[in-house]
1. Report, ordered by the first and then the second residue, all pairs with beta carbons closer than 7 Å, sequence separation of six or more or different chains, a first member in segment 35-54 that is on the phi > 0 side of the Ramachandran plot, and a second member that is surrounded by 10 or more Cβ atoms within 10 Å (Cβ to Cβ) and assigned to a helix (DSSP H, G or I).
2. Among K95, K48, K86, which is surrounded by 14 or more Cβ atoms within 10 Å (Cβ to Cβ) and outside any strand (DSSP E or B)?
3. Of all residues in segment 137-176, count the ones that are without any contact (Cβ under 8 Å) to a residue 12 or more places away in the chain and either part of a loop (DSSP other than H, G, I, E, B) or over 26 Å from R102 (Cβ atoms) (or both).
4. Within segment 120-142, identify whether any single residue is open to solvent by 60 Å² or more (accessible area, probe 1.4 Å) and over 22 Å from T74 (Cβ atoms), and answer yes or no.
5. Being outside any helix (DSSP H, G or I) and open to solvent by 20 Å² or more (accessible area, probe 1.4 Å) is the filter; apply it to segment 70-83 and report the residue that is farthest from D22 (Cα to Cα).
6. Among the residues of segment 107-118, is any assigned to a strand (DSSP E or B), under 20 Å from D18 (Cβ atoms) and touching a Gly at 6+ places or on another chain (Cβ under 9 Å)?
7. Answer yes or no: is there a residue in segment 21-29 that is open to solvent by 70 Å² or more (accessible area, probe 1.4 Å), within 30 Å of N114 (Cβ to Cβ) and more than 22 Å from the chain's Cα centre (by Cα).
8. Within segment 155-176, restricting attention to residues that are open to solvent by 70 Å² or more (accessible area, probe 1.4 Å) and of a type outside the set (S, T, N, Q), which residue is nearest to H59 (Cα to Cα)?
Amino acid sequence: LDVLLARMHELKVCVIGDTIVDEYIQCDPLGMSQEDPTIVVTPIISNKFLGGAAIVAAHARGLGAGAVSLITVTGKDEIKTFVAEKSQAYGVDIKPVIDESRPTSLKQRYRAGNKTLLRVSHLRQHKINKTLQQQMRDHVFAALVDADLLIFSDFNYGVLPQDLVDEISQECIKRG
């Protein structure tokens, strides 16, 4: 294992897949609503973290990979900017493909104490269209020129349709 980790700095890694942002919103409970049987809370602090393919890429870089690229789909929104900035801070070269039909996947968890009260998922699960698949394919094929390792990170949100995975896998086999 030590030998393998020592050689990580030589690796060029490409990660392709669903990026998710996890947001934890810590709340103070205020009591029960008078109108309906609902807990009333007030948000105190919010923390966002990279998840999905983005954290896989960040971990590869953190383990010492010499270069890491991330090819993912985002919406055209504020969360996309967070993903880009955090990825760059981790030393990951991000190639986002913008899909205006979906938001950047965001999972919000409202918590009080150590309990999750509510989870809100801002995401779409439809398959990306052929134009976006072509953009993803082009980014991956460009990365494969000098990549040593390709990682698929799929959460079934439509970013990696089977046809695209098959096409990229065949290209990887062709390139050895």
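The values are calculated or read from the model by the stated rules, or taken from the named source; none is laboratory data. Since the model is a prediction, treat every value here as computed from it, not as a measurement. Cβ atoms come from the backbone with ideal geometry, glycine included; neighbour counts cover every protein chain shown. All accessible areas refer to the heavy atoms of the entire protein, side chains included, with ligands and DNA or RNA removed. Shrake-Rupley method; radii C 1.70, N 1.55, O 1.52, S 1.80 Å.
1. none
2. Of K95, K48, K86, the one residue that is surrounded by 14 or more Cβ atoms within 10 Å (Cβ to Cβ) and outside any strand (DSSP E or B) is K86.
3. Pass one, segment 137-176, residues without any contact (Cβ under 8 Å) to a residue 12 or more places away in the chain: 138, 142, 145, 162, 166, 169-170, 173-174, 176.
With either part of a loop (DSSP other than H, G, I, E, B) or over 26 Å from R102 (Cβ atoms) (or both) added as a condition, the list becomes 145, 170, 173-174, 176.
Of the residues in segment 137-176, 5 are without any contact (Cβ under 8 Å) to a residue 12 or more places away in the chain and either part of a loop (DSSP other than H, G, I, E, B) or over 26 Å from R102 (Cβ atoms) (or both).
4. The answer is no, given that none of the residues of segment 120-142 is open to solvent by 60 Å² or more (accessible area, probe 1.4 Å) and over 22 Å from T74 (Cβ atoms).
5. Checking each candidate, the answer is K76.
6. yes
7. Within segment 21-29 (the criterion being open to solvent by 70 Å² or more (accessible area, probe 1.4 Å), within 30 Å of N114 (Cβ to Cβ) and more than 22 Å from the chain's Cα centre (by Cα)), the answer is yes, since at least one residue qualifies.
8. F155
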